[in-house]
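Below is one structure, written out as structure tokens; comments come after it.
The values are calculated or read from the model by the stated rules, or taken from the named source; none is laboratory data. In this text, all values refer to a predicted model and were calculated from it rather than measured experimentally. We place every Cβ from the backbone using ideal geometry, glycine too, and count neighbours over all the protein chains shown. To get the accessible areas, we keep the full protein, side chains included, count just its heavy atoms, and leave off ligands, DNA and RNA. Shrake-Rupley method; radii C 1.70, N 1.55, O 1.52, S 1.80 Å.
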Amino acid sequence: SGDSSCTLPPISLSGEVQEELIRQTGLLAKELKVLGLINIQFAIENGKIYILEVNPRASRTVPFSSKARGIPFSQIAMKVMMGKKLKDMNVPEDLTMDRVYVKESVFPFQKFPRTDIILGPEMRSTGEVMGGGATFGEAFAKAMLSSGFRLPQEGRVFLSVRDADKKALAPIAIELHDLGFTLCGTRGTAAYLEDHGLNIEIVNKVDEGRPHVVDMIKNGDIQLVINTSTLGIHEVGAAYELRRNTLMRNLCYFTTIPAARAGTRAIAQMRQTPVSTMCLQERKKQKPTKASPSLML
């Protein structure tokens with residue numbers, strides 16, 4: 001979870017699910033007699049909530065949550081552990097937010113030769129950045145810029161995903177096409193998208209002969225890569241050169257469908273709203289504006 005991105009307020013959870021998560025968290029904290037912070041990992045499938053683990057500790061998300069909400073959660077937790085009451089510290093009960101904030105992880109892959117960007121159970125990030133905006137797309141775009149990646153506004157997108165992701169890729173590809181991007185992809189992905197009415201340029205994989213996708217990356221002919229892997233030995237080995245060359249040329253590279261969807265929404269938002277920055281102290285002095293709930297991750 002330390003390598004993950006996250007957003008506040010939640011934009012992919014219904015109000016009913018959020019209320020149930022709050023209810024279950026309160027029950028767990030009281031039953032376990034936790035004072036201070038509690039870290040719970042929930043999993044949700046088809047609206048059903050599963051509890052993976054519960055720990056009486058903080059997490060790397062607490063500083064992000066504190067900055068996004070303007071509440072010093074760690075300081076409050078420390079005082080509670082020392083015997084103070086929440087009611088005596090004027091802690092606000094209403095935690096609704098007028099802006100959207102995104103946390104993005106920073107990885108050191110460029111500094112270490114022969115490393116692969118595929119993530120696993122071991123945490124590999126070395127830091128985090130944060131972006132905020134009136135919409136999720138604006139916040140995600142700022143987080144990507146802060147982590148060192150510039151979302152392209154035009155050019156060619158390379159698409160290659162596993163079979164299980166092709167259905168979810170179709171609306172993303174359509175949106176990129178509508179934004180004016182040229183689409184190219186491997187044979188299987190291209191064939192699926194052509195069945196959905198898209199014109200896709202077929203590109204060879206690295207092991208299918210030249211010219212192939214890495215040649216196009218080296219020549220500057222590709223500006224964005226969306227590539228998911230089955231994480232099998234063959235897939236990881238075959239795609240390593242693609243991932244490494246994308247990394248060394250600082251191209252945006254999405255390895256999951258949710259990330260690709262978020263990136264596409266961010267590109268669309270940047271077309272509408274120029275990126276501007278403001279420190280949190282300045283933000284707190286401004287009159288709040290309503291955040292748009294329509295951008296879904």
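Restricting to segment 140-167, name every residue that is assigned to a helix (DSSP H, G or I) and out of contact with any Ser or Thr (no Cβ under 7 Å at 6 or more places or on another chain).
We begin by selecting, within segment 140-167, every residue assigned to a helix (DSSP H, G or I); these are 140-146, 163-167.
The answer is F140, A141, K142, A143, M144, L145, S146, D163, A164, K167.
Test A143 against the criterion of being at pLDDT 90 or above, buried (at least 22 other Cβ atoms within 10 Å of the Cβ) and touching a strand residue (DSSP E or B) at 6+ places or on another chain (Cβ under 8 Å), and give yes or no. Let's see the steps before the verdict.
Numbers: at pLDDT 90 or above: yes; buried (at least 22 other Cβ atoms within 10 Å of the Cβ): yes; touching a strand residue (DSSP E or B) at 6+ places or on another chain (Cβ under 8 Å): yes.
Yes; evaluated as a whole, the condition is true for this residue.
Where residues in segment 259-283 are assigned to a helix (DSSP H, G or I) and farther than 20 Å from L224 by Cα, which of them is least open to solvent (accessible area, probe 1.4 Å)?
Going residue by residue through segment 259-283, those that are assigned to a helix (DSSP H, G or I) are 259-272, 280-283.
From what is left, the residues that are farther than 20 Å from L224 by Cα are 280-283.
Working: L280: 58, Q281: 126, E282: 98, R283: 27 Å².
Among residues in segment 259-283 that are assigned to a helix (DSSP H, G or I) and farther than 20 Å from L224 by Cα, the one least open to solvent (accessible area, probe 1.4 Å) is R283.
Can we say L183 is modelled with pLDDT of 95 or more and either open to solvent by less than 50 Å² (accessible area, probe 1.4 Å) or in contact with a Cys (Cβ under 6 Å, 6 or more places away or on another chain) (or both)? Can you show your working first?
Working: modelled with pLDDT of 95 or more: yes; either open to solvent by less than 50 Å² (accessible area, probe 1.4 Å) or in contact with a Cys (Cβ under 6 Å, 6 or more places away or on another chain) (or both): yes.
Answer is yes for this residue.
Could you tell me which residue of segment 198-217 is most open to solvent (accessible area, probe 1.4 Å), considering only residues that are part of a loop (DSSP other than H, G, I, E, B) and touching a residue at least 12 places away in the same chain (Cβ under 8 Å)?
N199
Would a scan of segment 114-125 turn up a residue that is touching an Asp or Glu at 6+ places or on another chain (Cβ under 9 Å), closer than 30 Å to L280 by Cβ and not aliphatic (A, V, I, L, M)?
So far as segment 114-125 goes, yes, one or more of its residues are touching an Asp or Glu at 6+ places or on another chain (Cβ under 9 Å), closer than 30 Å to L280 by Cβ and not aliphatic (A, V, I, L, M).
Considering segment 65-92 alone, what residues qualify as being of a type in the set (D, E, K, R) and in contact (Cβ under 8 Å) with a residue 24 or more places away in the chain?
Keep residues of segment 65-92 that are of a type in the set (D, E, K, R), which gives 67, 69, 79, 84-85, 87-88.
Result: K67, R69.
Could you tell me whether any residue of segment 132-139 is in contact (Cβ under 8 Å) with a residue 60 or more places away in the chain, of a type in the set (V, I, T), touching a Cys at 6+ places or on another chain (Cβ under 9 Å) and not in a helix (DSSP H, G or I)?
Looking for residues that are in contact (Cβ under 8 Å) with a residue 60 or more places away in the chain, of a type in the set (V, I, T), touching a Cys at 6+ places or on another chain (Cβ under 9 Å) and not in a helix (DSSP H, G or I), one finds none in segment 132-139, hence no.
Taking segment 168-197 only, how many residues are in a helix (DSSP H, G or I) and either acidic (D, E) or within 21 Å of the chain's Cα centre (by Cα) (or both)?
Of all residues in segment 168-197, those in a helix (DSSP H, G or I) come to 168-178, 187-194.
Okay, now just the ones that are also either acidic (D, E) or within 21 Å of the chain's Cα centre (by Cα) (or both), so 168-176, 178, 194.
Of the residues in segment 168-197, 11 are in a helix (DSSP H, G or I) and either acidic (D, E) or within 21 Å of the chain's Cα centre (by Cα) (or both).
Any idea which residue in segment 95-128 is modelled with the lowest pLDDT, counting only those that are part of a strand (DSSP E or B) and open to solvent by less than 30 Å² (accessible area, probe 1.4 Å)?
As a first pass, look at segment 95-128 and keep what is part of a strand (DSSP E or B): 100-106, 127-128.
In the following step, the residues that additionally are open to solvent by less than 30 Å² (accessible area, probe 1.4 Å) were identified as 100-105, 127.
Numbers: V100: 93, Y101: 94, V102: 93, K103: 92, E104: 89, S105: 84, G127: 81.
Restricting to residues being part of a strand (DSSP E or B) and open to solvent by less than 30 Å² (accessible area, probe 1.4 Å), the top hit is G127.
Which of (1) open to solvent by 10 Å² or more (accessible area, probe 1.4 Å); (2) touching a Lys or Arg at 6+ places or on another chain (Cβ under 6 Å) is the odd one out, the single condition V161 does not satisfy?
Against the list (1) open to solvent by 10 Å² or more (accessible area, probe 1.4 Å); (2) touching a Lys or Arg at 6+ places or on another chain (Cβ under 6 Å), V161 comes up short only on (2).
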